[in-house]
1. Select from the stretch 464-490 the residues that are touching a helix residue (DSSP H, G or I) at 6+ places or on another chain (Cβ under 9 Å) and farther than 21 Å from ALA84 by Cβ and write down the one among them that is surrounded by the fewest Cβ atoms within 10 Å (Cβ to Cβ).
2. Of the conditions (1) in a loop (DSSP other than H, G, I, E, B); (2) in contact (Cβ under 8 Å) with a residue 40 or more places away in the chain; (3) touching a Lys or Arg at 6+ places or on another chain (Cβ under 6 Å), GLY443 clears all except one; give me its number.
3. In the stretch 295-331, which residues are modelled with pLDDT of 85 or more and either among the polar types (S, T, N, Q) or assigned to a loop (DSSP other than H, G, I, E, B) (or both)?
4. Among the residues of the stretch 153-178, what is the count of those that are under 21 Å from the mean Cα position of the chain (by Cα), modelled with pLDDT under 90 and not hydrophobic (A, V, I, L, M, F, W, C)?
5. Please count how many residues of the stretch 354-389 are in contact with a helix residue (DSSP H, G or I) (Cβ under 6 Å, 6 or more places away or on another chain) and either assigned to a loop (DSSP other than H, G, I, E, B) or within 21 Å of THR70 (Cα to Cα) (or both).
6. Please state which one of PHE419, PHE472 is hydrophobic (A, V, I, L, M, F, W, C) and not in a strand (DSSP E or B).
7. Identify, from the list THR286, THR290, THR237, THR198, the residue that is over 18 Å from LEU177 (Cβ atoms), under 25 Å from the mean Cα position of the chain (by Cα) and open to solvent by less than 40 Å² (accessible area, probe 1.4 Å).
8. Of everything in the stretch 255-281 that's assigned to a loop (DSSP other than H, G, I, E, B) and touching a residue at least 40 places away in the same chain (Cβ under 8 Å), which residue is least open to solvent (accessible area, probe 1.4 Å)?
Amino acid sequence: MAGCVVHTPPPPTRSPAAAQTSPTSNRAVLRLQRNLARLFSDVSAPAAIWGVQVRSPDRDETLYSLNHRTLFIPASTTKLVTLAAAASGLGWDFRFETQLLADGSVNDGVLDGDLVVKGTGDPTIGGRGMSSDYNPVNLFTDWAKTIKAAGIHRISGRVVGDDRAIDDGATWPGSRLGDGWTWNDLAFGFAAPSGALTFHENVADLVIEPGTAAQRPAMARLEQPESGLDLVSYVVTGSSDSDVVLRLLRLPGQSTLELRGSIPLGSDPLRRQVSVDDPTLFFLRTLRQTLIREGIEVDGDVIDIDDVDLGTATEPMEPGYVLSRHLSPPLSELAIGMMKRSQNLFAEIIFRTLGSQTGTGTVEASRNTIGTLLSTWAIGSDQFIIADGSGLSRYNHLTPAALVTVLEQMRSGHQSAAFEATLPVAGRDGTLAGRMSGTAAAGNARAKTGTMSNVSALAGLVDTEDGETLVFAIMANNYRASSNDINRIIDRAVEQLANFTR
């Protein structure tokens with residue numbers, strides 16, 4: 001494969017006139033600095049370690065800094081770095097391609113061989129949450145029609161999944177997960193494993209309903225039986241005035257999903273998204289069932305290419321002919337879902353694809369690609385530690401200054417419009433829909449959130465009362481308060497920036 005080329009945007013243009021500061025401007029900046037300093041040092045506020053940087057790129061001026069070169073756990077603001085690397089290395093027009101191949105000859109309507117699906121990571125197949133007219137849910141039905149149009153009504157072999165494009169050769173159970181992911185997150189949909197073949201965002205829908213009387217077992221089911229999960233439920237029905245208590249457990253490399261807790265008598269069904277263990281087999285089982293439902297006989301079972309007997313004719317996985325090529329939406333559209341929804345699977349697959357462009361397809365290659373890009377932007381290696389692409393890992397560390405530099409680079413040049421379109425807007429959409437409503441920041445601040453236990457962050461852009469665009473990163477670590485209490489402080493800071501005038 002071709003190497004991953006890093007396209008470095010030109011530095012922001014700086015007008016000498018714009019960079020001039022008047023005494024009035026200086027007084028306004030000092031006032032802003034005092035207000036922010038009071039906000040982040042308020043002894044009545046929850047105790048936390050804060051890191052902040054606020055800059056005016058057009059004036060090349062730093063308005064405020066606090067621990068700006070200290071490493072913080074960034075949570076999902078890591079996605080800013082992932083997207084910057086993808087836009088620079090893959091390009092906004094990049095699309096994932098999935099091929100459907102017939103590996104054998106067709107005689108009298110029978111494919112005498114295997115049906116092969118070769119994926120590169122498209123995270124939208126059978127997916128949810130895409131905002132355009134693109135509808136991948138019916139792709140398998142369309143493939144059934146394509147197979148019939150090729151004169152095939154029966155497949156004598158298997159349905160084989162070629163998922164080697166991402167992390168080829170990594171076969172240990174956690175290879176599809178990120179380094180440093182918390183083990184008790186792994187059962188939940190937001191920690192779905194990644195892979196070159198992905199269906200329904202690698203999650204199944206879990207439904208739990210109360211029993212007919214208190215202390216009776218609750219009823220639990222999975223709406224996707226092809227998920228491969230083995231459900232074991234110890235959930236009971238509580239009294240009608242009790243609270244919902246639900247704990248999920250699924251360990252890496254295991255298909256058993258264990259449920260414990262209680263659900264109130266007479267309550268509505270409880271719905272949760274849970275992660276599957278093996279994305280490739282989930283994809284293949286669903287495809288096989290769709291083909292059978294559409295009238296195509298399939299004699300063989302499903303199998304991952306890594307488990308194919310190397311002595312069979314399928315070994316090279318190159319013979320045969322392409323029945324269909326499916327393209328995902330472009331990165332520019334995928335990134336909107338990734339950033340506004342803070343969709344971890346999208347970020348992980350895009351992150352791992354960076355490595356596959358170098359020909360090695362490993363997580364380490366992806367980290368190196370990102371490191372090379374950040375170094376070209378004069379972000380020193382002491383300012384970042386990248387473990388994954390989504391920010392789920394607690395091994396990730398970034399400085400506020402590093403995030404601000406990434407934002408400044410992405411704001412400059414031809415990438416600006418596409419990049420800004422991906423960011424949640426305060427009081428309007430995405431993960432900021434419910435924040436800063438009714439303030440000067442609403443409909444104005446465009447920023448990426450980051451939240452996990454004891455970690456909150458926000459990094460993005462906001463326009464001042466004068467129309468000046470400021471770039472900011474605000475990060476909080478090591479607190480015991482609720483994230484809502486910390487986010488209120490972050491939001492007040494952004495509101496002050498929106499109200500700033502020189």
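1. Keep residues of the stretch 464-490 that are touching a helix residue (DSSP H, G or I) at 6+ places or on another chain (Cβ under 9 Å), which gives 464-465, 468-476, 479, 489.
This time we only want the ones that are farther than 21 Å from ALA84 by Cβ, so: 464-465, 468, 476, 479, 489.
Working: THR464: 21, GLU465: 12, GLU468: 19, ALA476: 26, TYR479: 19, ILE489: 19.
It comes out as GLU465.
2. (2)
3. Step one: filter the stretch 295-331 for residues modelled with pLDDT of 85 or more, giving 295-308, 321-331.
Scanning the stretch 295-331 gives GLY295, ILE296, ASP299, GLY300, ASP301, VAL308, SER324, SER328, PRO329, PRO330.
4. Adding up the residues that qualify gives 8.
5. First pass over the stretch 354-389, keeping only residues in contact with a helix residue (DSSP H, G or I) (Cβ under 6 Å, 6 or more places away or on another chain): 354-355, 358, 361-362, 365-366, 369-370, 373, 377, 379, 383-384, 386, 389.
Filter once more, keeping what is either assigned to a loop (DSSP other than H, G, I, E, B) or within 21 Å of THR70 (Cα to Cα) (or both): 358, 361-362, 370, 373, 377, 379, 383-384, 386, 389.
Of the residues in the stretch 354-389, 11 are in contact with a helix residue (DSSP H, G or I) (Cβ under 6 Å, 6 or more places away or on another chain) and either assigned to a loop (DSSP other than H, G, I, E, B) or within 21 Å of THR70 (Cα to Cα) (or both).
6. Working: PHE472 fails: not in a strand (DSSP E or B).
Result of the check over PHE419, PHE472: PHE419.
7. Details: THR290 fails: under 25 Å from the mean Cα position of the chain (by Cα); THR237 fails: under 25 Å from the mean Cα position of the chain (by Cα); THR198 fails: over 18 Å from LEU177 (Cβ atoms).
Just a single option satisfies the conditions, and that option is THR286.
8. Taking the stretch 255-281 and keeping what is assigned to a loop (DSSP other than H, G, I, E, B), we get 255, 265-269, 276-278.
Still in the list and also touching a residue at least 40 places away in the same chain (Cβ under 8 Å): 265-267, 269, 276-278.
Working: LEU265: 63, GLY266: 70, SER267: 39, PRO269: 71, VAL276: 0, ASP277: 42, ASP278: 36 Å².
The selected residue is VAL276.
The values are calculated or read from the model by the stated rules, or taken from the named source; none is laboratory data. The structure displayed is predicted, hence computed values, not measured ones. Counting neighbours? That spans all protein chains shown, and the Cβs are built from the backbone with ideal geometry, glycine included. What goes into the accessible areas is simple: the full protein's heavy atoms, side chains included, and nothing from ligands, DNA or RNA. Shrake-Rupley method; radii C 1.70, N 1.55, O 1.52, S 1.80 Å.
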